[in-house]
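Throughout, read-outs are computed from the coordinates displayed, never taken from laboratory work. These figures come from a predicted structure and were not determined experimentally. Cβ: placed from backbone, ideal geometry, glycine included. Neighbour counts: every protein chain shown.
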Amino acid sequence: MAKIKVWDGTHDGRRDLSSVKNPDHRDYLTLVAQIQQMQLAMNTALGNLALIPNVEKLFADIEARVTAFNQTLSSLTTPEDTLVRLQELEKLIAAKDSRVETALLRRDLETLSLDADKSRVQMLELQNAFNNEVVAFQQKVWNNLKAVEKAFKDQLTVIEKKLESVSIQTRIQTLLEELKKI
């Protein structure tokens with residue numbers, strides 16, 4: 001991030017601050033321009049997520065986790081041999097009506113059902129883990145945005161104090177000049 005140049009109070013019409021001169025319209029315009037520059041710099045910085053420390057690393061980390069999540073999901077699909085076996089069982093049930101074979105087929109179906117339930121539980125756990133990672137990432141981004149906002153507010157406070165000091169000094173000089181006239 002480029003540093004904001006701190007204005008020292010001088011401009012084309014006031015080359016140094018040691019000369020006693022009443023503020024004029026150019027001084028006012030210079031102050032307005034300096035405040036506008038400061039606001040523009042702050043708005044630009046607050047709106048730019050690239051200023052958040054480690055944002056690229058956070059995105060890369062999330063991308064790696066999503067890739068791992070997708071790989072795990074693809075491995076949770078029903079294996080081909082299980083699908084073939086299930087189709088065979090369905091054909092056997094339709095073709096034969098014997099009680100023993102039906103009981104064996106039911107046992108096989110229950111086993112397949114348990115395997116499917118385990119796969120669903122694993123998928124839910126992975127989805128929950130992914131959601132937790134997303135929430136953690138959002139919290140990190142939020143915290144970093146708050147830190148950037150606080151830094152800018154602190155910087156704005158310092159600048160306001162400096163402007164107030166310059167304003168007070170200018171007012172004192174004006175009052176001294178008025179006292180000298182009396």
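Length gained on full extension, Lys21 to Lys118: 26.5 nm, using 0.36 nm per residue less the C-alpha separation.
Simple spin-label estimate for Arg65 and Ile35 gives 4.4 nm between the two label positions (7 Å along the Cα-to-Cβ direction from each Cα).
The label point for Lys91 and the one for Gln139, both projected 7 Å from the Cα toward the Cβ, are 5.4 nm apart.
Projecting the Cα atoms of Leu86, Gln155, Leu175 onto the charge dipole of the chain (Cβ charges, centred on the Cα centre) puts Leu175 farthest toward the positive pole.
Count the net charge of all other residues whose Cβ sits under 14 Å from the Cβ of Arg171, scoring Lys and Arg as +1 and Asp and Glu as -1.
Details: positive: Lys21; negative: Asp27, Glu164, Glu177, Glu178.
That sum, taken over residues with Cβ under 14 Å, equals -3.
Working from label points 7 Å from Cα in the Cα-to-Cβ sense, the Asn43 to Asp81 distance is 6.6 nm.
3J(HN,Hα) along the range 10-18: 9, 7, 4, x, 9, 6, 9, 8, 7 Hz, from the Karplus curve 6.51 cos²θ - 1.76 cosθ + 1.60 with θ = phi - 60°, whole Hz, x for Gly and Pro. Under a GNM of the chain (C-alpha, springs under 10 Å), which listed residue has the highest mean-square fluctuation: Gln39, Gln138, Gln87? Residue with maximal mean-square fluctuation among Gln39, Gln138, Gln87: Gln87. Restricting attention to the range 54-181, the count of lysine pairs at 8 or more positions apart or across chains with alpha carbons under 21 Å apart stands at 8.
Take the Cα radius of gyration of the range 54-181 and divide it by 2.2 N^0.38 Å, N being the number of residues; the result is 2.50.
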